Amino acid sequence: MSNAKTSTYEGFTAEERAAMKEHAQDQKKAARRASQRVSQADKAAEATRDVLAKIAEMQPSDRAMAEAVHDIITSTFPALAPKLWYGMPAYSLNGKMICYFQSAEKFKARYATLGFSDHASLDDGTMWPAAFALTQVTPETTTRITTLLHQATT
């Protein structure tokens, strides 16, 4: 008889496990879209609808920020394609995720986050921020987001 432990690994929080499940669902949905015979425009429109639906599910304060971030990105950087990433609104360039919005509620955090992936060109020396806390989107915040996105996409 084996004395092997039969307990499950509990290193991930419930929120992290839920995010991983959402990511798997997002990947399956994207794979189904890729195999369908519909235009790229229709696929992009469906991905945008998915992002807007996810934003609509958020708590009011997070929803307002997510809507503002979405508007900034889609109006200023039309080359960035909305998509879901681990159940969060995200934006990709040439199929590579550049940035995402994480609501405070998602991981029971104190603030929402605008994060950037390693595909974003934010490199500055040997250390640079890759995620930014958001408590509201002001004109100054809008300018900062726009500046970051210009840097991230060049």
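The values are calculated or read from the model by the stated rules, or taken from the named source; none is laboratory data. What you are looking at is a predicted structure, and each value in this text was computed from that prediction instead of being measured. Please note: Cβ atoms are built from the backbone with ideal geometry, for glycine as well, and neighbour counts cover all protein chains shown.
Here Gln136 fulfils each of the conditions (1) closer than 27 Å to Glu16 by Cα; (2) surrounded by 12 or more Cβ atoms within 10 Å (Cβ to Cβ) apart from (2).
Being surrounded by fewer than 20 Cβ atoms within 10 Å (Cβ to Cβ), free of Cβ contacts under 8 Å to residues at least 60 places away in the same chain, within 16 Å of Ala47 (Cα to Cα) and not charged (D, E, K, R) is the requirement here; does Pro78 meet it? Considered against the rule, which asks whether it is surrounded by fewer than 20 Cβ atoms within 10 Å (Cβ to Cβ), free of Cβ contacts under 8 Å to residues at least 60 places away in the same chain, within 16 Å of Ala47 (Cα to Cα) and not charged (D, E, K, R), Pro78 comes out as yes. Filtered by the rule that a residue be modelled with pLDDT of 95 or more and not charged (D, E, K, R), region 95-108 gives Met97, Ile98, Cys99, Tyr100, Phe101, Gln102, Ser103, Ala104.
Starting from region 106-134, take each residue that is among the charged types (D, E, K, R) and list its partners that are surrounded by 16 or more Cβ atoms within 10 Å (Cβ to Cβ) and at pLDDT 95 or above, counting only C-beta distances under 6 angstrom and pairs at least six apart or across chains. Note: no pairs meet the criteria. Tell me which residues, restricted to region 82-108, are more than 19 Å from His150 (Cα to Cα) and not in a strand (DSSP E or B). The answer is Tyr86, Gly87, Ser103, Ala104, Glu105, Lys106, Phe107, Lys108. Of all residues in region 133-146, at least one satisfies being touching a Leu at 6+ places or on another chain (Cβ under 9 Å), outside any helix (DSSP H, G or I) and at pLDDT 95 or above.
Considering Gly125, Gly115, the condition of being of a type in the set (Gly, Ala, Ser), surrounded by 15 or more Cβ atoms within 10 Å (Cβ to Cβ) and either in a loop (DSSP other than H, G, I, E, B) or at pLDDT 95 or above (or both) is satisfied by Gly115 alone.
Residues of region 97-112 that are among the aromatic types (Phe, Trp, Tyr) and surrounded by fewer than 18 Cβ atoms within 10 Å (Cβ to Cβ): Phe107, Tyr111. Say we look at region 35-65 and pick out the residues that are of a type in the set (Asp, Glu) and either under 13 Å from the mean Cα position of the chain (by Cα) or at pLDDT 95 or above (or both); which of these is surrounded by the fewest Cβ atoms within 10 Å (Cβ to Cβ)? Here the residue is Glu57. Candidates in region 82-96 are the residues that are under 11 Å from the mean Cα position of the chain (by Cα) and within 27 Å of Glu140 (Cβ to Cβ); of these, the one that is surrounded by the fewest Cβ atoms within 10 Å (Cβ to Cβ) is Ser92.
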